[in-house]
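Novice: Structure below; questions to follow.
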Amino acid sequence: MGTNEGNVSDEANAASSPIEPRPAGWPEGWTWCPRCATALDWLIAPEDSGPRHRLRCPACDFTHWNNPTPVLAAIVECTDRNGQVLLARNAAWPNRFFGLITGFMEAGETPEEGIRREVLEETALTVTRLSLVGVYDFQPMNQVIIAFHAQAEGEVRLSPELLEYKLFAPDHLRCWPQGTGQALAQWLRQRGIEPQWLTP
């Protein structure tokens with residue numbers, strides 16, 4: 001039943017939000033209240049930190065909090081391939097960028113269980129050991145990235161989501177500025193390797 005947020009007129013936004021405009025990149029699909037089907041509006045209301053604009057229902061007081069989504073990421077070290085690190089290219093990416101194995105948590109699983117599942121589903125590799133690298137924000141996608149070092153082994157068989165993969169010795173890796181690239185850089189520093197960065 002939801003429609004694109006672009007269907008909400010600029011005049012309506014201005015009338016309901018004289019102080020703040022609706023932020024750029026507000027998630028699509030949140031035009032209607034999931035409780036009562038009333039059109040949501042960009043409204044201010046008191047919160048613990050003070051008055052704040054959010055997407056709210058004027059009829060039943062439902063609030064869309066727009067909380068960041070947790071995303072799992074793995075630096076996959078192939079222990080049966082001389083410790084080389086597997087990077088993969090997602091089928092949805094427009095260029096030949098290779099990145100970490102990533103995915104969303106499922107209900108009822110821990111982050112550790114989730115990343116073991118993602119690595120197995122996307123590469124057919126079995127994770128034998130896990131350690132947390134760090135937690136990173138990725139604000140362009142409203143995500144929080146939980147990154148692990150995953151030691152794994154087995155025969156690589158990619159899921160349909162991935163087009164190809166490459167194996168790199170750790171000192172040949174090149175990092176990127178976005179969240180998962182920061183995780184990779186931190187992992188390299190932990191191993192005594194100064195990160196090298198992709199050029200723009």
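The values are calculated or read from the model by the stated rules, or taken from the named source; none is laboratory data. What you are looking at is a predicted structure, and each value in this text was computed from that prediction instead of being measured. Cβ placement follows ideal geometry from the backbone for every residue including glycine, while neighbour counts extend to all protein chains displayed.
Novice: For the subset of the stretch 122-140 comprising residues that are loosely packed, with under 14 Cβ neighbours inside 10 Å and more than 18 Å from GLU77 (Cβ to Cβ), which member is farthest from the chain's Cα centre (by Cα)?
Specialist: If we take residues in the stretch 122-140 being loosely packed, with under 14 Cβ neighbours inside 10 Å and more than 18 Å from GLU77 (Cβ to Cβ), then VAL135 is farthest from the chain's Cα centre (by Cα).
Novice: Could I ask something else about it? Considering only the stretch 50-78, state which residues are over 26 Å from the mean Cα position of the chain (by Cα) and either buried (at least 20 other Cβ atoms within 10 Å of the Cβ) or closer than 14 Å to VAL127 by Cα (or both).
Specialist: CYS57
Novice: Starting from the stretch 97-122, take each residue that is farther than 18 Å from VAL144 by Cα and list its partners that are at pLDDT below 95, counting only C-beta distances under 7 angstrom and pairs at least six apart or across chains.
Specialist: Taking only residues 6 or more apart or on different chains, the pairs are GLU122/GLU161.
Novice: Restrict the check to the stretch 176-187 and report whether at least one residue is in a strand (DSSP E or B) and at pLDDT 95 or above.
Specialist: There is no residue in the stretch 176-187 that is in a strand (DSSP E or B) and at pLDDT 95 or above.
Novice: In the stretch 1-96, which strands (runs of 3 or more DSSP E) lie fully inside it and hold 1 or more residues that are under 30 Å from PHE148 (Cα atoms) and modelled with pLDDT of 95 or more?
Specialist: Output list reads 69-78, 84-90.
Novice: Quick one: in the stretch 141-166, which of the residues that are touching a strand residue (DSSP E or B) at 6+ places or on another chain (Cβ under 9 Å) and not in a strand (DSSP E or B) is surrounded by the most Cβ atoms within 10 Å (Cβ to Cβ)?
Specialist: VAL156
Novice: Here is a list: ALA185, ALA150. Which entry is touching a residue at least 24 places away in the same chain (Cβ under 8 Å) and assigned by TED's automatic domain parsing to the domain that holds THR110?
Specialist: Going through ALA185, ALA150 in turn, just one is touching a residue at least 24 places away in the same chain (Cβ under 8 Å) and assigned by TED's automatic domain parsing to the domain that holds THR110: ALA150.
Novice: I need the full set of residues from the stretch 93-121 which are of a type in the set (Gly, Ala, Ser) and surrounded by fewer than 13 Cβ atoms within 10 Å (Cβ to Cβ), in order please.
Specialist: Residues satisfying the conditions are ALA107, GLY108.
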